[in-house]
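Laboratory data are not the source of any read-out in this text; all were calculated from the coordinates shown. What you see is a predicted model, and the numbers here were worked out from it, not measured in a lab. Cβ sites come from the backbone with ideal geometry, for glycine too, and all protein chains shown count toward neighbours.
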Amino acid sequence: MHEVALAEEVLHIVGIEAERHGLSRVTEIGLSIGAWSCVVPEALAFALEAVLAGSVASGARLDLESVPGRLRCGECDNEYAPEDRYEPCPACGRFGPQVIAGNDMIVRRVAGA
Ligand SMILES: [Zn+2]
């Protein structure tokens, strides 16, 4: 399952952050989930609960934030935020824009004590 692999990746990043900030316990994890990342937040939260159990972040509160997708036109540099990532540029009509946000999942914040 895609979400389990992602949850393991989150745990890996959280572990690095916890060590870097000298946290003995992680109580909150903030995640940004792109609209086009194909991540189902509920499934990720469920997978994280299982993966984090017994780790430094066991039982941590999850703060899942959804990030809308944004595109930039390669022709006229116009930035736009359509529902559909394949939508052509509304300013010049060019197809094949560059995705500048909303494509991935990011660990935004790791907090604890
Ligand atoms: Zn354009």
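Here the strands (runs of 3 or more DSSP E) wholly within the range 25-113 that include at least 1 residues being within 15 Å of E9 (Cβ to Cβ), basic (K, R) and more than 16 Å from the ligand (Cβ to nearest atom) are 105-112. Residues in the range 93-111 that are crowded, with 17+ Cβ neighbours inside 10 Å and of a type outside the set (A, V, I, L, M): P97, G102.
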